[in-house]
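What follows is calculated from the coordinates using simple rules that are stated; it is not laboratory data. Just so it is clear, the structure is predicted and the values come from calculations on it, not from any experiment. Neighbour counts run over all protein chains shown; Cβ positions are idealised from the backbone, glycine included.
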Amino acid sequence: MQLGAILTSLAVGANAAAALDAIGDIVLYAKVLEAGSRFDEAPAEYVSAAVGRYTSQAADEDWLALMTVVEKSEAPGRAVLQCILQWALVQDCSDHTAGRHEDCSCRGGPGRAHDHP
């Protein structure tokens, strides 16, 4: 599967939920659950939003790191999701006030994820 297809697939909530489930990483799941709860998002919504933010906001270095992880992985889809979620969690969870979008990597802007009142 190509990277674009993986990212497109993960942007769909049901696919994101299944992928998160398939990883089987309970610690990562707990972190996603906690981060999503700050913005009233289910884990699948958080994953989809994280993918959207990564594709629009990740720096060149982040993309290079992602490509390196994919190249070395036997399970590229899993590696992509883990890498993106780790990036999003760092962006969203470093001393942010719960529920305040200006503190989140989405910045509360339209179409930027966490797009609800």
One finds the C-alpha centres of region 1-57 and region 64-95 to be spaced, in Å, by 11
Fewest to most neighbouring Cβ within 10 Å: what's the order for TYR46, TYR54, TYR29?
-> TYR29, TYR54, TYR46
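When ILE6, ILE84 are ordered from fewest to most other Cβ atoms inside 10 Å of their Cβ, what list results?
Details: ILE6 21, ILE84 24.
The fewest-first ordering by Cβ neighbours comes to ILE6, ILE84.
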For LEU3, LEU81, order by how many other beta-carbon atoms lie within 10 Å, fewest first | LEU3, LEU81
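Could you give the size of the charge dipole of region 3-103 about its Cα centre, using +1 on the Cβ of each K and R and -1 on the Cβ of each D and E, expressed in debye and rounded to the nearest 20? Show your work: numbers first, answer last.
On the way: 6 positive and 15 negative charges, 41 e Å.
Approximately 200 debye in magnitude.
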